[in-house]
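Some notes on the structure that comes next.
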Amino acid sequence: MFADFLPYQVADLRDPLAVALAQLIYRQAIPTPLDKQAIATAIVQQGSGGVPILLLHGFDSSLLEFYRLLPLLAANNETWAIDLLGFGFTDRMAGLTFDALAIKTHLYCCWKLLINQPVILVGTSMGGAAAIDFTLTYPEAVKKLVLINSMGYIGGFPLGKFLFPPLDFLAVEFWRQRKLQALTLGSISGWNRNSLEALRCAALHMEMPRWHEAMIDFTKSGGYGWLGDRIPLIDKPTLILWGELDDTLGNDDAYKFKRDIAHSKLVWIKDCGHVPQLDHPDIVAENILAFLG
């Protein structure tokens, strides 16, 4: 059974791992200083023991992007995945501001209520930028940091402040239609099952209420375009995992992270693009678990 707050399209999922993770999604009311009303936050938790692992998804994504990785990590470790404020299946309450400050404030409140001990913080793509910002602001909450094809030097929307109605709505709707068209094209063209399932997972949260409004708000906020100069301040042991065929961010930023983070290790993942957690979850899990020490 799926939670009733999930879009009905969740029934289209086919991969048993994706179905199993979707069935584990629940919402918990998280009190925050952002609003007098607690925020219904989408969460998955699996496993027990060891140092807790906390997974943060990428831009316009959800915790479902970890459907292949999370079970591997949870076999021996307490593992969490949380939908960031404004994304995934977390409630996009009217009146909230969806920017980097609100995201890390909400995430801290989640960590404090649910975990309340230092974690291995894992961020993919934009989730990496969120993880960096969180680590620098709340160092007591993070034991080690893992960045997977992470944003940080890139992650802003310099043109966002120039988007006014109705152009702002049309811009995010164009983004939405690109995903839906890719899913349709993939189904017609007979793409492999893993690619199609990844697209189903990537499109599902777009059916949630106020998706357009949150996307517009975050884009206009500028995202994480200001973060690059702060990266050298990271003092946590950091593992940098990078798909060597990344056609979204390229490879230059991987070297920059290795250069700027004092206690860091860079591992290249061969035959892999921007989403190693989907392309090679076994290799990603192996490296993260080894990094736990």
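The values are calculated or read from the model by the stated rules, or taken from the named source; none is laboratory data. Source: prediction; values computed, not measured. Here the Cβ is made from the backbone with ideal geometry for all residues, glycine too, and neighbour counts use every protein chain on show.
Here are the numbers for this structure:
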read-out	value
Pick from segment 1-41, criterion among the polar types (S, T, N, Q) and closer than 16 Å to residue 87 by Cα, ranking: surrounded by the most Cβ atoms within 10 Å (Cβ to Cβ)	41
Test: residue 240 is in contact with an Asp or Glu (Cβ under 6 Å, 6 or more places away or on another chain), under 25 Å from residue 141 (Cβ atoms) and not hydroxyl-bearing (Ser, Thr, Tyr)	no
Scan of segment 221-272 for residues that are closer than 13 Å to residue 153 by Cβ, at pLDDT below 95 and small (Gly, Ala, Ser), ordered by number	223, 225
Residue within segment 222-232 that is over 30 Å from residue 169 (Cα atoms), among the small types (Gly, Ala, Ser) and in contact with a strand residue (DSSP E or B) (Cβ under 8 Å, 6 or more places away or on another chain) present	no
Number of positions in segment 13-34 that are within 19 Å of the chain's Cα centre (by Cα) and assigned to a strand (DSSP E or B)	4
Selection status of residue 87, of a type in the set (Phe, Trp, Tyr) and either crowded, with 24+ Cβ neighbours inside 10 Å or over 20 Å from residue 150 (Cβ atoms) (or both)	yes
Segment 42-58, subset under 16 Å from residue 103 (Cβ atoms) and in contact with a Leu (Cβ under 8 Å, 6 or more places away or on another chain), residue surrounded by the most Cβ atoms within 10 Å (Cβ to Cβ)	56
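Quick grid of which residues meet (1) closer than 20 Å to residue 249 by Cβ; (2) among the β-branched types (Val, Ile, Thr); (3) modelled with pLDDT of 95 or more; (4) under 21 Å from the mean Cα position of the chain (by Cα):
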{"site": "93", "(1), (2), (3), (4)": "no, no, yes, yes"}
{"site": "119", "(1), (2), (3), (4)": "no, yes, yes, yes"}
{"site": "144", "(1), (2), (3), (4)": "no, no, yes, yes"}
{"site": "152", "(1), (2), (3), (4)": "yes, no, yes, yes"}
{"site": "161", "(1), (2), (3), (4)": "no, no, no, no"}
{"site": "165", "(1), (2), (3), (4)": "no, no, no, no"}
{"site": "176", "(1), (2), (3), (4)": "no, no, no, yes"}
{"site": "192", "(1), (2), (3), (4)": "no, no, no, no"}
